[in-house]
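Okay, structure first, notes after.
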Amino acid sequence: MSSRLWIKICGFTTPEGVAAAVRAQVDAVGFVFAPSKRQVTAQQAAHLCDGVPGSIARVAVMQHPTQAHLDEVLRVFRPDILQTDIEDLAALRLPATLRMHPVIRAPNQLPTQLPSRLLFEGPVSGIGTTTDWSVAAQLARRAELILAGGLNPENVSEAIRLVNPFGVDVSSGVESAPGIKDPALVLRFVSAARESQDVLIV
């Protein structure tokens, strides 16, 4: 791994959680617009991002959105990146300037043609279940893979060693309750991930 590891914290519902991620110098903050205990409205997400520096990407996390819902999120929240299941993309009208993180879920059948960057996730997001790292490692050799699913401060180092991903994404693994990020866990996760990358580079 030669480039800097990309780190996203996902599923914010409080300004304190967002502030903790900013202090930890993450690369992206994610807001869930799909049905979830962490679901927020576009207006809430925009408010939570007040004060987030432009160097940190804002990610709209959706799943099977309607065009109307997507349009509202784009208009009000104005994300830098859209994260949604890969099969959703063909049916949506998307701005040319919007970056995409297509989600591929294990153990679904993998597409023959992979996108240049993807997020590899378990069957259900946000429940803390670890995905298949061996499959992830294979995909990481073919595309810029962001590893999600069941990561936490205790296992992220091992995940990075085994998968060698472009990035990592965590939600429930840094929470004290659904949607409530624990600042200490956020910092521990980011520190462990960065230290693991330093070891790989050396």
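The values are calculated or read from the model by the stated rules, or taken from the named source; none is laboratory data. Every value quoted in this text rests on a predicted model; they were computed, and no experiment measured them. Cβ: placed from backbone, ideal geometry, glycine included. Neighbour counts: every protein chain shown.
Any idea which residue in the range 25-35 is nearest to L82 (Cα to Cα), counting only those that are touching a strand residue (DSSP E or B) at 6+ places or on another chain (Cβ under 9 Å) and surrounded by fewer than 19 Cβ atoms within 10 Å (Cβ to Cβ)?
Within the range 25-35, the match that is nearest to L82 (Cα to Cα) is A34.
Which of the following residues is of a type outside the set (A, V, I, L, M, F, W, C), farther than 19 Å from G11 by Cβ and either at pLDDT 95 or above or part of a helix (DSSP H, G or I) (or both): P111, P107, P53, P79?
None of the other options fit; the residue is P53.
Output the residue which, of all residues in the range 165-191 that are under 20 Å from L119 (Cβ atoms) and among the small types (G, A, S), is modelled with the lowest pLDDT.
By that ranking, first place goes to G179.
Just to verify a result, which residue in the range 6-24, among those that are closer than 25 Å to V124 by Cα and surrounded by fewer than 20 Cβ atoms within 10 Å (Cβ to Cβ), is farthest from the chain's Cα centre (by Cα)? Give the derivation first.
Here is the first cut: in the range 6-24, the ones closer than 25 Å to V124 by Cα are 6-14, 17-18, 21.
Among the residues that remain, those that are also surrounded by fewer than 20 Cβ atoms within 10 Å (Cβ to Cβ) are: 6, 14.
Working: W6: 10, T14: 17 Å.
Applying the filter and picking the extreme gives T14.
For the range 27-38, does any single residue satisfy the condition of being β-branched (V, I, T), modelled with pLDDT of 95 or more, farther than 18 Å from A143 by Cβ and over 12 Å from the mean Cα position of the chain (by Cα)?
No - not one qualifying residue is present in the range 27-38.
Across the range 153-202, what is the total count of residues that are surrounded by fewer than 19 Cβ atoms within 10 Å (Cβ to Cβ), among the polar types (S, T, N, Q) and within 23 Å of F33 (Cα to Cα)?
The number of residues fulfilling the criteria is 1.
Has the range 155-164 got any residue that is at pLDDT 95 or above, in contact with an Asp or Glu (Cβ under 9 Å, 6 or more places away or on another chain) and of a type in the set (K, R)?
Looking through the range 155-164, none of the residues is at pLDDT 95 or above, in contact with an Asp or Glu (Cβ under 9 Å, 6 or more places away or on another chain) and of a type in the set (K, R).
Quick one: which of L151, L139, L145 is part of a loop (DSSP other than H, G, I, E, B) and within 17 Å of A106 (Cα to Cα)?
From the options L151, L139, L145, the qualifying one is L151.
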